[in-house]
Amino acid sequence: MFGTIHVYYEKAGYGFISVDFKNRRFFHIDNYHGYVLPTPGMAVEFDLAVSKKPGKPDQAVRIIPVETTTGGAK
């Protein structure tokens, strides 16, 4: 799945990914595989895993930043 980082709470080590305007998925920094910290608006690819807490929505795992290119001559 693809989405964007909605918010990331660095001190707490978790945040939320926006999948669309209505759906957000919880993520923990342990599941983030990037070289820079997640920032709001960053495009990411992720998988969903069943929540460990009953009644809670599935959470994002294996989160990988999506490389974006800015067109330009080489």
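The values are calculated or read from the model by the stated rules, or taken from the named source; none is laboratory data. The structure displayed is predicted, hence computed values, not measured ones. Don't worry about glycine lacking a Cβ; one is built from the backbone with ideal geometry, like all the others, and counts go over all protein chains shown.
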message = Looking only at segment 28-42, filter to residues that are among the aliphatic types (A, V, I, L, M) and surrounded by 14 or more Cβ atoms within 10 Å (Cβ to Cβ); which one of those is farthest from Tyr9 (Cα to Cα)?
response = Met42
key: Single residue of segment 1-58 satisfying the filter (in contact with an Asp or Glu (Cβ under 6 Å, 6 or more places away or on another chain) and not aliphatic (A, V, I, L, M)) that is modelled with the lowest pLDDT   = Ser51
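So that you can scan it fast, the table gives a plain yes or no per residue for (1) small (Gly, Ala, Ser); (2) free of Cβ contacts under 8 Å to residues at least 60 places away in the same chain; (3) touching a Pro at 6+ places or on another chain (Cβ under 9 Å); (4) surrounded by 13 or more Cβ atoms within 10 Å (Cβ to Cβ):
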{"residue": "His6", "(1), (2), (3), (4)": "no, yes, yes, yes"}
{"residue": "Lys11", "(1), (2), (3), (4)": "no, yes, no, no"}
{"residue": "Tyr14", "(1), (2), (3), (4)": "no, yes, no, yes"}
{"residue": "Phe26", "(1), (2), (3), (4)": "no, yes, yes, yes"}
{"residue": "Asp47", "(1), (2), (3), (4)": "no, yes, no, yes"}
{"residue": "Lys52", "(1), (2), (3), (4)": "no, yes, no, no"}
{"residue": "Ala60", "(1), (2), (3), (4)": "yes, yes, no, yes"}
{"residue": "Pro65", "(1), (2), (3), (4)": "no, yes, yes, yes"}
